[in-house]
1. For the chain, what is the mean residue ellipticity at 222 nm derived from helices alone (per DSSP H run of n ≥ 4: -39500 (n - 2.57); sum divided by total residues; nearest 500 deg cm²/dmol)?
2. Could you list 35, 82 in order of exposure, starting from the residue whose Cβ has the fewest other Cβ atoms within 10 Å?
3. Using a Gaussian network model of the chain with C-alpha springs under 10 Å, which one of 243, 131, 54 is most mobile by mean-square fluctuation?
4. For segment 153-276, how big is the tail of P(r) above 18 Å, as a whole percent of Cα pairs?
5. For segment 3-134, what log10 I(q)/I(0) values come out of the Debye formula at q = 0.20, 0.21 1/Å, with one point per alpha carbon and no solvent?
6. Taking K and R as +1 and D and E as -1, what net charge do the other residues with C-beta under 12 Å from the C-beta of residue 302 add up to?
7. Using 1/(1 + (r/R0)^6) with R0 = 35 angstrom and r between the beta carbons of residue 193 and residue 298, what's the FRET efficiency to the nearest 0.05?
8. Residue by residue through segment 227-240, which ³J(HN,Hα) values in whole Hz follow from phi under the Karplus form 6.51 cos²θ - 1.76 cosθ + 1.60 (θ = phi - 60°), with glycine and proline marked x?
Amino acid sequence: MKSKAKKLRLLLVLLILLVAGFLISLLEGPVETNFNDLWNLIINNDSTFRTIFIDLRLSRALLAFLVGASLSLSGAILQGYFQNPMAGPFVVGVSSGASFGAVLCIYLGLNIRITGFSLQSIFAFVSGFAIVSLVYLLSQRKGVFKVETLLLTGIAAGALASALTSFLIFLKVDSFEQAVFWLLGSFALSDWNQITAVAPYFFLCFIIAQCLAKDMNLLVLGDDVAHSLGCPVNSVRKTFLVISTFLAASSVSVSGIIGFVGLIVPHGIRILIGPDHRHLFFFSSLTGGIVLLYSDFLARTILQGELPIGIITAIVGAPFFIYLLSKRR
């Protein structure tokens with residue numbers, strides 16, 4: 001009963017923070033607005049205020065929430081997958097692969113939009129998913145798959161992709177500002193097309209993850225124990241790897257690399273409510289979305305210009321990560 005009451009209190013706090021975060025994001029921006037302007041939009045459907053509140057601010061806030069939720073859910077999945085609370089959504093090379101695809105598109109000078117989506121986003125998603133598929137294939141030895149091999153192969157592939165990305169930036173210095181978007185993360189170019197691109201992946205992956213949450217609880221006990229308890233270990237592991245990759249790749253494709261959210265948020269939620277993935281997946285997604293919602297608000301208001309959101313998450317996340325490491329010792 002105490003555990004259930006604790007979860008309900010946490011849910012109430014998160015919902016309050018969520019509503020407050022969206023209100024702040026809607027009301028604050030380069031153009032000064034207030035509640036009366038928002039009410040005027042609701043009553044009169046003023047076209048000017050509709051552009052400000054709906055097309056610019058609401059779309060950006062929703063995209064930040066969806067990306068934060070996706071990264072946190074991906075992190076929660078991979079922390080259970082590797083049986084390591086220090087794992088994150090980018091340990092298998094997906095972020096480095098996605099950023100390489102985006103920078104490659106910039107280097108080639110391809111600035112095309114296909115059905116509303118930039119070719120850079122498409123390159124980022126495809127390359128991120130491709131590098132994880134390659135890592136998975138390389139991790140198998142004579143048909144036998146080992147988690148440790150996947151982890152090490154992913155780190156090596158990510159390092160190679162990062163090196164190639166740096167090389168492309170070096171060759172095309174005049175596109176440095178565009179490359180920074182993918183390397184440090186930003187929602188400055190957010191629109192409703194990007195939301196429609198990310199939302200289906202998130203909700204589908206979330207539903208699958210919740211359906212397999214009990215199997216993840218068994219995987220944490222070890223593959224042999226999980227198999228003896230009736231869990232189809234190989235198929236479940238493949239499914240979790242695919243959906244975590246989809247979540248991370250789709251996020252990077254619209255926002256660039258945003259670090260620490262998928263690492264810190266699931267770890268913190270696990271400390272608060274325990275390791276049961278049936279609740280961990282939900283609370284990690286909700287909290288991650290809220291964290292990135294407020295981080296994006298700081299990124300666009302803390303200075304006169306636009307600050308990459310990856311800087312905000314790194315400033316907050318790095319000290320907390322060091323604290324967790326020292327506490328873990």
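Since every read-out is calculated from the coordinates, none of them should be taken as a lab result. The model shown is predicted, which means the values in this text are computed figures rather than measured ones. Virtual Cβ from ideal backbone geometry, glycine too; neighbours counted across all protein chains shown.
1. Numbers: 15 runs with 245 residues, N = 329.
Computed ellipticity for the chain at 222 nm equals -25000 deg cm²/dmol.
2. Ordered by Cβ neighbours within 10 Å, fewest first: 35, 82.
3. For the chain, modelled as a Gaussian network with Cα springs under 10 Å, the answer is 54.
4. For segment 153-276, the fraction of Cα-Cα distances above 18 Å is 67 percent.
5. Per q value, in the given order, log10 I(q)/I(0) is -1.11, -1.14.
6. Surrounding charge for residue 302 is -2.
7. Taking R0 as 35 Å, the efficiency between residue 193 and residue 298 is 0.90.
8. These are the phi-based 3J(HN,Hα) values: 5, 5, 8, x, 8, x, 4, 4, 5, 5, 4, 4, 4, 5 Hz.
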